[in-house]
Every structure is written in C-alpha cells, then in structure tokens.
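S.K.: Please read through the structure below; I'll follow up with questions.
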Amino acid sequence: MLEVSSVNIAKALRAIKKSVWVYHLNSGSCNACDIEVLDALTPYFDVERFGIKLVGSPRHADVILFTGPVTRESLPKVVKTIKAMPRPRLILVLGSCGIGGGIWWDTYSTLGGFKKLEEILRENGVEVDRVVYVPGCPVRPEAIIYGMLLLLGLVEQKSKRVEVVASEG
Amino acid sequence: MSVAKILEIALRTGRVTRRYPYEPPLLTPEFRGAVKIDPSKCWGCGACVKVCPPNALTLKPAGKEATLEYFVGRCVFCGMCAEVCPAKAIEVTKEFELSATSLEDLKSRVIHRLARCSICGAPIWTEAELRTVVKSSPIAEEYYLVCPKCRKERFAKAAMLRLGAGSE
Ligand code: SF4
Ligand code: SF4
Ligand code: SF4
C-alpha cells in the first residue's frame, strides 16, 4: 500500500490552498445538504473567492464533499468513486447523516455514517488522508465554508471534547 | 444582452456576495444551532434522551456514574430536547462552526454520580435527580433510597405478612 506521509499532506495542502477542486458525492442523503452545497457554490457565497471549484469527476478532485448516510445501494459506487480519487484523499463529511448516520443511524439499509465506510474503505485498500466533519442538518453554506477552511488549515478548530461533572449541591 | 446592459444591471445591483468569514454570518432569529447542556442544572433524568430522534443524546450508566453524552455530529438541531427538559438545562445556541477533524471532538459529556439502593446496593437514579425530587416533594428517606425491585419485594413481604396474620 502506498503511504503518504503527513509531510506530503502538508505539502499538498500548500499546493492546493488557492485552487481547490471539489467533487460532490451524494451517498443517499435527503438532498437538503446537497442544496446547501449548491448554495455555497452560487455567487451569493461565492466559494471561488477561495479558489474552490466544482469538478465533474473524482479523478480531478482534491476534496470530496461527502453527504448522506451511505445507503447499501450506493456503497459500491461510493467506494469506487473514492478509489478513483488521487492521493492525498481529502474528504469533507457534510451533515449529521454523513458523520453519524443522522436520523438513519440504525436503519438496516444504511451504513450509518462515515466511520463504518472508512473501515470498509480500509478493508478495500483505499486510504483516506484527511477527514473533516461538518455537523449540521442541513449544513449551512457558511458551515461548509468554515469546514473547508479548517480542512485547508486556514482557521482554528473551535469544537473540542468537553467533559464536566454535574454539580454536587 | 450587450455588455453595456450587463454593466448597467451590475452597477445598479451592486455586490451581493457575502464576505463570510470576514463578516458575520446571516443568522436568522429562527436558526437553531448546537444545543448546550448546563451541567449545574441537569438532573440526569433522561427525558431528552428519550425524545431525541437520532439518539444524539445518550445516558449510559457505568459503575458509580452515569454519563449524559451529546454527540453533535448526529444532532439534527430540532430543539426537542430543550423543549422537553424539565430542568430547563438545555439551551439552543446559534453555534454552527462545529467542524472538527475527529469524532471525539464532537462529543460533550456531563457526568452524574449515581445514588445506590439502601437495601441491595444497586445503582438507581442520579444524585441530582434525587435531590430535586426530595426538594419538590419531601418523602421519607426509606422510600426514595430504595430501588423499584426492592420496593416491590418489600411490599410483597408486607402484604404476605398481613394475609398470613389475617388467616390465623
Ligand atoms: S444531514 Fe440532514 S439535511 Fe443533510 S442529508 Fe442528512 S437528513 Fe438531509
Ligand atoms: S435534566 Fe434536562 S438535560 Fe438533564 S437529562 Fe433531564 S432532560 Fe436531559
Ligand atoms: S436538538 Fe434534537 S437531535 Fe439535537 S440533541 Fe436535541 S433532540 Fe437530539
């Protein structure tokens, strides 16, 4: 298996920072997230300010905009699509569906999110180099932009794990 | 359309592109973002867990503690948990910049200590919930520190005694 070291990823990120080609991959979402992706691509939010451009083939893509909880029907196509992407594979997982399965987290007909898909990809020898999870249902166009900037390393991550003990008195 | 016409329209309309992230996002008053649980108010009653459609909230007992976990990655931002919470401990915020590079960063936890049954020692409700219940309706300690199973057994024993006494 070809290993891409973190140094190479940093180098690749530097190279694509101002020209990011994205491919939109829907794995069975309710389409609201996909409409928000289109929204982010319109002149209103104009992601071409950051050099982000939609392309029609995963072979041209730097980043995959991944939506949906991965239905069983879409699984082979999803694996094929991600496999077709050149290294380093950067994936922006959009929406509750993509991250944790959303309201379809435990249905028989979906995988319930990206975590399971990542395991299947690994079994098939498809390595994913960097993943950023963007919560939202649907994700706001601004949240997509923020996630993309986080993926490119232009902003600091705000979310962090919190663990508190409930009050004692 | 001629170039002059396009230019005229463009000049009349001006710039429509949002400058986000260099200007504040367009948040409407109705927008619901991530919810926030106030650990000083939460009882650990589990009402929010029952009502949450995608199980983004879970309450898991483990040993002496019960953990209320909020996984924002699965939340659908419906706000039903805030509506149902009897302690008003959940607030719907306008936070949407939640992106993270790992799933662990999307989880927040509130840890509750569990009270134990005074007879069998099994963990029952959270201490915070017991405190709240006692505050709102004072009941004798012998009741509220007994788990439902032991309570049933105790009741059955008492009833048997009564019946036995009556038949003699
Ligand atoms: S996250 Fe919500 S809006 Fe997006 S595809 Fe899933 S259900 Fe639809
Ligand atoms: S008090 Fe509110 S936040 Fe805490 S478990 Fe009950 S419903 Fe959930
Ligand atoms: S807002 Fe809805 S989905 Fe999110 S934690 Fe509350 S009940 Fe669950």
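The values are calculated or read from the model by the stated rules, or taken from the named source; none is laboratory data. Computed from a prediction, not measured in an experiment: that's the story for all the values here. In this analysis, Cβ positions are derived from the backbone assuming ideal geometry, glycine residues included, and neighbour counts consider all displayed protein chains. Side chains included, ligands, DNA and RNA excluded: accessible areas come from the protein's heavy atoms. Shrake-Rupley method; radii C 1.70, N 1.55, O 1.52, S 1.80 Å.
S.K.: Quickly run through region A:14-34 and pick out the residues that are among the polar types (S, T, N, Q) and touching a helix residue (DSSP H, G or I) at 6+ places or on another chain (Cβ under 7 Å). Outline the logic, then answer.
M.R.: Of the residues in region A:14-34, the ones among the polar types (S, T, N, Q) are A:19, A:26-27, A:29, A:31.
If the condition is that a residue be among the polar types (S, T, N, Q) and touching a helix residue (DSSP H, G or I) at 6+ places or on another chain (Cβ under 7 Å), then A:N26, A:S27, A:S29 are the ones that fit.
S.K.: With A:T42, A:T67 as the choices, which residue is open to solvent by 20 Å² or more (accessible area, probe 1.4 Å) and either within 17 Å of A:M148 (Cβ to Cβ) or within 16 Å of ligand 1 (Cβ to nearest atom) (or both)? Steps first, answer last, please.
M.R.: Working: A:T67 fails: open to solvent by 20 Å² or more (accessible area, probe 1.4 Å).
None of the others qualify; the one that does is A:T42.
S.K.: For region A:53-64, what are the residues that are open to solvent by less than 10 Å² (accessible area, probe 1.4 Å) and either in contact with a Ser or Thr (Cβ under 9 Å, 6 or more places away or on another chain) or within 12 Å of chain B (Cβ to nearest Cβ) (or both)?
M.R.: Residues of region A:53-64 that are open to solvent by less than 10 Å² (accessible area, probe 1.4 Å), as a first pass: A:61, A:63-64.
A:I64, the sole residue that qualifies.
S.K.: Hey, another quick one. Kindly indicate which of B:F31, B:F77 is aromatic (F, W, Y), open to solvent by less than 50 Å² (accessible area, probe 1.4 Å) and within 12 Å of ligand 3 (Cβ to nearest atom).
M.R.: Working: B:F31 fails: within 12 Å of ligand 3 (Cβ to nearest atom).
Answer to the selection: B:F77.
S.K.: Being aliphatic (A, V, I, L, M) and either more than 17 Å from A:N31 (Cα to Cα) or surrounded by 24 or more Cβ atoms within 10 Å (Cβ to Cβ) (or both) is the filter here, so list the residues in region A:79-103 that pass it.
M.R.: Kept after step one, since they are aliphatic (A, V, I, L, M), are these residues of region A:79-103: A:79, A:82, A:84-85, A:90-94, A:99, A:103.
Matches in region A:79-103: A:V79, A:I82, A:A84, A:M85, A:L90, A:I91, A:L92, A:V93, A:L94, A:I99.
S.K.: A follow-up question, please. So, in region B:34-43, of the ones that are within 15 Å of ligand 3 (Cβ to nearest atom) and open to solvent by less than 60 Å² (accessible area, probe 1.4 Å), which residue ends up farthest from the other protein chains (Cβ to nearest Cβ)?
M.R.: Restricting attention to region B:34-43, the residues satisfying the condition of being within 15 Å of ligand 3 (Cβ to nearest atom) are B:34-38, B:42.
Those still in the list that are open to solvent by less than 60 Å² (accessible area, probe 1.4 Å) too: B:34-35, B:37-38, B:42.
Details: B:A34: 7, B:V35: 12, B:I37: 9, B:D38: 9, B:C42: 6 Å.
Restricting to residues being within 15 Å of ligand 3 (Cβ to nearest atom) and open to solvent by less than 60 Å² (accessible area, probe 1.4 Å), the top hit is B:V35.
S.K.: Please work out if B:G46 is closer than 17 Å to B:T126 by Cα, of a type in the set (G, A, S) and more than 9 Å from every other protein chain (Cβ to nearest Cβ). Write out each step before concluding.
M.R.: Numbers: closer than 17 Å to B:T126 by Cα: yes; of a type in the set (G, A, S): yes; more than 9 Å from every other protein chain (Cβ to nearest Cβ): yes.
So B:G46 passes the test.
S.K.: Mind telling me which of the residues B:V84, B:V72 ends up being among the aliphatic types (A, V, I, L, M) and within 24 Å of A:K115 (Cα to Cα)?
M.R.: Working: B:V84 fails: within 24 Å of A:K115 (Cα to Cα).
Checking each option against the conditions leaves just B:V72.
S.K.: Here is a check on your reading of the model: is A:I120 of a type in the set (V, I, T), surrounded by 24 or more Cβ atoms within 10 Å (Cβ to Cβ) and away from ligand 1 (no atom under 13 Å from the Cβ)? Give the steps one after another, and end with the answer.
M.R.: Numbers: of a type in the set (V, I, T): yes; surrounded by 24 or more Cβ atoms within 10 Å (Cβ to Cβ): no; away from ligand 1 (no atom under 13 Å from the Cβ): yes.
Against the criterion (of a type in the set (V, I, T), surrounded by 24 or more Cβ atoms within 10 Å (Cβ to Cβ) and away from ligand 1 (no atom under 13 Å from the Cβ)), A:I120 does not qualify.
S.K.: Now a separate question. Under 7 Å between Cβ atoms, at least 6 apart or on separate chains: pull out the pairs that start in region B:7-22 with a residue that is within 7 Å of chain A (Cβ to nearest Cβ) and end on any residue that is part of a helix (DSSP H, G or I) and surrounded by 10 or more Cβ atoms within 10 Å (Cβ to Cβ).
M.R.: These pairs meet every condition: B:Y20/A:E142; B:Y20/A:I145; B:P21/A:I145; B:P21/A:Y146; B:P21/A:L149.
S.K.: Could you list, in sequence order, all residues of region A:154-163 that are exposed (fewer than 13 other Cβ atoms within 10 Å of the Cβ) and more than 7 Å from chain B (Cβ to nearest Cβ)? Spell out how you get there, then give the answer.
M.R.: As a first pass, look at region A:154-163 and keep what is exposed (fewer than 13 other Cβ atoms within 10 Å of the Cβ): A:156, A:160, A:163.
If the condition is that a residue be exposed (fewer than 13 other Cβ atoms within 10 Å of the Cβ) and more than 7 Å from chain B (Cβ to nearest Cβ), then A:E156 is the only one that fits.
S.K.: Let me ask something else about it. Just to confirm my filter: which helices (runs of 4 or more DSSP H) fall fully inside region B:57-160 and include at least 2 residues that are among the aliphatic types (A, V, I, L, M) and either within 14 Å of chain A (Cβ to nearest Cβ) or within 16 Å of ligand 1 (Cβ to nearest atom) (or both)? Break it down into steps so the answer makes sense when it comes.
M.R.: Details: elements: B:80-84, B:127-136, B:141-144.
Filter on region B:57-160 gives B:127-136.
S.K.: Could you tell me whether region A:29-36 includes any residue that is within 14 Å of chain B (Cβ to nearest Cβ), open to solvent by 50 Å² or more (accessible area, probe 1.4 Å) and within 10 Å of ligand 1 (Cβ to nearest atom)? Explain how you work it out, then say what you get.
M.R.: Of the residues in region A:29-36, the ones within 14 Å of chain B (Cβ to nearest Cβ) are A:29-30, A:32-33, A:36.
So of that shortlist, the ones also open to solvent by 50 Å² or more (accessible area, probe 1.4 Å) come out as A:30.
Retained after the next criterion (residues that are within 10 Å of ligand 1 (Cβ to nearest atom)): A:30.
Within region A:29-36, one or more residues are within 14 Å of chain B (Cβ to nearest Cβ), open to solvent by 50 Å² or more (accessible area, probe 1.4 Å) and within 10 Å of ligand 1 (Cβ to nearest atom).
S.K.: Only one of (1) within 10 Å of chain B (Cβ to nearest Cβ); (2) under 23 Å from A:L38 (Cα atoms); (3) open to solvent by less than 20 Å² (accessible area, probe 1.4 Å) is not met by A:A166, so which one is it?
M.R.: Exception for A:A166: condition (2).
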